[in-house]
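Following this message is one structure expressed as structure tokens.
The values are calculated or read from the model by the stated rules, or taken from the named source; none is laboratory data. Source: prediction; values computed, not measured. Glycine gets a Cβ as well: all are built from the backbone with ideal geometry, and neighbour counts include every protein chain shown. To get the accessible areas, we keep the full protein, side chains included, count just its heavy atoms, and leave off ligands, DNA and RNA. Shrake-Rupley method; radii C 1.70, N 1.55, O 1.52, S 1.80 Å.
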Amino acid sequence: MTLNASTPPIAVQALSKTYQVTDRAGGFGAAVKGFFKREYKDVKAVQSVSFEIAQGEIVGFLGPNGAGKTTTLKMLSGLLHPSGGKANVLGFTPWERRDGFLKTMTLVMGQRNRLSWDIPAADSFLLNQAIYGLSDAEYASSFGELNELLDLKEIIRKPVRQLSLGERMKCELAAALLHRPKVLFLDEPTIGLDVSAQARIRAFLKEYNRRSGATILLTSHYMADVTALCERIIIIHHGQIKYDGALSDLSRRIAPYKLIGLDFDDDTVVDLAPYGQPVTRENEDGMQYVQVPAEKVSAVTARLLAEQRVRDLTVADPPIEDVIERAFHE
Amino acid sequence: MRRILRVISAHVRVNLQQDLAYRVDTLVNIATMMAWLGYDLASIAVLFGSAQNINGWLAGDIIVLLGVFRMLNTLMMSIVWPNTELFNRGIREGTLDYVFVMPVNSQALISIRRIQVWQVVNVFVAAALILAGIATSGTPVSLGEAVSFLVLMVSGAALIYALWIVLISLTFWFTKFDNNVSLLQALIDTGRWPASVYPMWMRLLVTFVVPIAVATTVPVQALRGELSPLEAVGYFAVGVAGFGLASLVWRAGSRRYSGASS
């Protein structure tokens, strides 16, 4: 099958995955019973999920643990056969694992190492060169580009076990991208990294996407990843899609309220309950916050200014973490 | 096929660099290997100091058998055991996932990710033992015997490799199965001696269940002219069939594979 410009590189239709897991109660008696007779139950990890992703998009795939994110990524990268539904990635059905498919996509799992610990990353890169059938020229140009973005030269000579987590992730990404995939499935690519390493990986992904036009579907528990990279997000919970749309629309749709931050003269503490729902925020900026429905913001602000001795007032969207948290549980 | 060869040669190169980088380790390994060779030869000398033959096997035959066993054991030590460890770790940690997203035959890839290249020294030692054994026994070897010996040695090794693939594939069905190869590991040393020295139950075990005898005793029997052409073809066919069957089992197992967690 050939792709034309209008065919989305990722198209998913009613994709479902049900696992059979052994079901046994705790305790010794149940363990003995389970040894002789297993009882199974079905876990619906993904239930009839549908979406399309356009060429060059970076989409954040969000959901609490066990929501079905990784299962979906595994089906899209061909590791898992679905229980039902269809998926088309770059014109291929992923789980048929055709060479043409495997050569044009990549999967990065932040919690699982691709690189061998005992050998320098440079050696693993050479193995990948052979596995993906890259000519020396292709390899050199691909590596040159990745090196320019990730500054790999120094670190790829050391055995991987001696690298810091951040350095290792750079190498993991490079190893996953040497064959210039057109679709990237990234499962928690920044997990465990410190803030500055996270920022570097984010900047890299953004630049890589800009240069290559690759389509990226990524999961992350770090909202900073999502806000920096993704204009669009898909929220999945209990295997079902709860939201699919622009990140900027999410708060309007899911949490149509604003936070009014207030600082009062003489630092007095005012009971804000009459104005809305007082909230405590983690950042200790000395301000008091009250949550009010979006349409009432101007009225409440006017009342506050009239009735209280306000020194400073800010109006902000609720933090994205809260909004997403709310989206999960709706 | 060309890509597989390219992937194999890349792995050999990278692993050889490893062996060279850790040269003390490699030299100690080679020295240990030589010490075991001395031990093996000494035990043969002790045995034949008091006996003319063992169940009809002369000293020369036993030395040839030792050479064949060493060839097989080199396969196990250089490729099979190291890759078993890597495979089991990959199952536990979920990193085996990456094997299945690579555009290369997954069975071939899991078989060659680790190669102790220095063990190639052992191949020469084994070949020398085989030649020395033939010289010791003094019986002339016909071309047909030599060819069937070589072919059965290769098909026998292929059979053991196939058994290994089947055993590790079982992990796909049972998930927690770290002992997948322990039976093979425990029995491999039986290949040092002709199958006929063992009690009947053991002989049946190493011929039909874990066919180490097929990979060691049988080729030497071919060399000694003890196999009928039909038997020789039969054993060869078993090797080829085993190899094919193993790749079917691997494919079925890998379809079941769903990673260490959802």
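Go through the stretch A:44-89 and flag every residue whose accessible area shrinks by 20 Å² or more with all protein chains in place compared to the isolated chain (probe 1.4 Å).
Buried-area filter returns A:74, A:79, A:80, A:81.
Hey, what angle do you get for helix A:121-131 against the long axis of chain A, alpha-carbon based, 0 to 90 degrees rounded to 10?
60
Report the one residue of A:203, A:124, A:169 whose Cα lies farthest in the direction of the positive end of the charge dipole of the stretch A:94-232 (charges on C-beta: Lys and Arg +1, Asp and Glu -1; origin at the Cα centre).
Going by the Cα projections, it comes out as A:203.
Could you pull out every whole DSSP H run in chain B that spans at least 20 Å of Cα extent along its own axis and averages -0.5 or higher on the Kyte-Doolittle scale?
Numbers: long enough: B:2-21 (28 Å, 0.03); B:23-50 (41 Å, 1.06); B:59-75 (24 Å, 1.54); B:120-137 (26 Å, 2.21); B:143-169 (39 Å, 2.08); B:229-256 (41 Å, 0.66).
Membrane-span-like by this rule: B:2-21, B:23-50, B:59-75, B:120-137, B:143-169, B:229-256.
So, one more: Loop-only check: which trypsin sites (Lys or Arg not before Pro) in the stretch A:244-330 are DSSP coil with at most 11 other Cβ within 10 angstrom?
A:309
Moving on. Inside 10 Å of the C-beta atoms of A:110-121, what's the mean count of C-beta atoms belonging to other chains?
4
By a straight-distance test (C-alpha under 15 Å), which aspartates and glutamates pair with residue A:41 as possible cross-link partners, with residues fewer than eight away in the same chain excluded?
A:23
So for chain A, taking the charge dipole from beta-carbon charges (+1 Lys/Arg, -1 Asp/Glu), which of A:323, A:36, A:140 sits furthest toward the positive end?
The residue sitting farthest along the positive end of the dipole is A:36.
Taking the Cα centre as origin and putting +1 on Lys and Arg beta-carbons and -1 on Asp and Glu beta-carbons, what dipole magnitude results for the protein assembly as shown, to the nearest 20 debye?
Working: 56 positive and 53 negative charges, 363 e Å.
I would put it at about 1740 debye.
Which residues' amide hydrogens lie under 5 Å from the amide hydrogen of residue A:59, considering only partners 5 or more residues apart or on another chain, with H built in the peptide plane?
Answer set, sorted by chain and number: A:216, A:217, A:218.
Could you name every residue in the stretch B:92-108 that has 30 Å² or more less accessible surface in the full protein assembly than in its own chain alone (probe 1.4 Å, ligands and nucleic acids excluded)?
With the partner chains in place, the stretch B:92-108 has these residues losing at least 30 Å²: B:95, B:97, B:98, B:100, B:101, B:102, B:103.
Now, a different point. What is the calculated FRET efficiency for residue A:86 to residue A:329, with r their C-beta to C-beta distance and R₀ = 30 Å, to the nearest 0.05?
So the FRET efficiency works out to roughly 0.50.
Still on this structure: Give the shape of the protein assembly as shown as rounded, prolate or oblate, defined through the alpha-carbon gyration tensor: a ≥ b ≥ c are the square roots of its eigenvalues, a/c under 1.5 means rounded, and otherwise the shape is prolate if a/b is larger than b/c and oblate if not.
prolate
State to the nearest 20 debye the size of the charge dipole of the stretch A:256-329 about its Cα centre, where the only charges are +1 on K and R beta carbons and -1 on D and E beta carbons.
400
Gap in Å between the Cα centre of the stretch A:257-299 and the Cα centre of the stretch B:140-175?
Cα centres, the stretch B:140-175 to the stretch A:257-299: 77 Å.
Given Cα pairs under 8 Å that are at least 6 residues apart, what percent is the relative contact order of the stretch B:13-125?
On the way: 66 pairs, mean separation 43.3, N = 113.
Relative CO of the stretch B:13-125 lands at 38 percent.
Remind me, relative contact order of chain A in percent, using alpha carbon pairs under 8 angstrom and six or more residues apart?
That works out to 19 percent.
Taking all protein chains in place and a 1.4 Å probe, what share, in percent, of the accessible surface of the stretch A:256-329 do carbon and sulfur account for?
48
Moving to a separate point now. Could you report the buried accessible area between A and B, both sides summed, computed with a 1.4 Å probe and given in Å² to the nearest 100?
For chain A against chain B, roughly 2800 Å² becomes buried.
Just to be sure I understand: of the beta bridges DSSP finds with both ends in the protein assembly as shown, what percent are antiparallel, rounded to 5?
Of those bridges, close to 70 percent are antiparallel.
Using the alpha-carbon atoms, what tilt in degrees (0 to 90, nearest 10) does helix A:165-177 show relative to the longest principal axis of chain A?
Result, in degrees: 60.
Tabulate in residue order the Karplus-calculated ³J(HN,Hα) for the stretch A:182-188, using 6.51 cos²θ - 1.76 cosθ + 1.60 with θ = phi - 60°, rounded to whole Hz; enter x for Gly and Pro.
8, 10, 10, 10, 10, 9, 6
Could you do me a favour and compute the accessible area per residue for chain A, 1.4 Å probe, result in Å²?
48
Per the helix-only calculation at 222 nm, which mean residue ellipticity applies to chain A, given -39500 (n - 2.57) for every DSSP H run of n ≥ 4 and division by its residues, nearest 500 deg cm²/dmol?
After summing the helix terms and dividing by the residues of chain A, the value is -10500 deg cm²/dmol.
Can you give the calculated 222 nm mean residue ellipticity of chain B, where each DSSP H run of n ≥ 4 adds -39,500 (n - 2.57) and the sum is split over every residue, rounded to the nearest 500 deg cm²/dmol?
-22500 deg cm²/dmol
Quick one: helix A:136-150 against the long Cα principal axis of chain A, what's the angle to the nearest 10°, folded into 0 to 90?
On a 0 to 90 degree scale, this one is about 20.
Further question: With a cut-off of 8 Å between alpha carbons and a minimum separation of six or more residues, what is the relative contact order of chain B in percent?
With pairs under 8 Å counted, the relative contact order is 26 percent.
For the stretch B:9-46, state which residues have at least 50 Å² less accessible area in the presence of all protein chains than in their chain by itself, taking the probe as 1.4 Å and leaving out ligands, DNA and RNA.
Buried-area filter returns B:14, B:18.
Now for a separate question. Whole Å is fine, so just give me how far the alpha carbon centre of the stretch A:5-26 lies from that of the stretch A:89-155.
Here the two parts' Cα centres lie 26 Å apart.
Counting only residues 5 or more places away or on other chains, whose amide H sits under 5 Å from the amide H of residue A:46 once H atoms are built in the peptide plane?
A:17
Oh, and also: Express in whole angstrom the spacing between the alpha-carbon centres of the stretch B:188-262 and the stretch A:182-231.
Value for the Cα centre distance between the two parts: 50 Å.
Here's a follow-up. Can you compute the charge dipole magnitude of chain B about its Cα centre, using +1 on each Lys and Arg Cβ and -1 on each Asp and Glu Cβ, nothing else charged? Give it in debye, rounded to the nearest 20.
840
Summarise the accessible area of the stretch B:2-256 (1.4 Å probe, protein heavy atoms) by the percent that is carbon and sulfur.
Carbon and sulfur: 69 percent of the exposed surface of the stretch B:2-256.
So, one more: Say the dipole of the protein assembly as shown comes from +1 at the beta carbon of Lys and Arg and -1 at that of Asp and Glu; which of B:137, B:46, A:297 then lies farthest toward its positive end?
Projecting each Cα onto the dipole axis, the largest value belongs to B:137.
Under 19 Å Cα-Cα from residue A:103, which lysines qualify once same-chain neighbours fewer than 8 residues away are excluded?
Candidates past the 8-residue exclusion: A:74, A:182.
If you count only protein heavy atoms with a 1.4 Å probe, what accessible area per residue comes out for the stretch B:2-256, rounded to a whole Å²?
Result: 47 Å² per residue.
Taking all protein chains in place and a 1.4 Å probe, what share, in percent, of the accessible surface of the stretch A:1-144 do carbon and sulfur account for?
51
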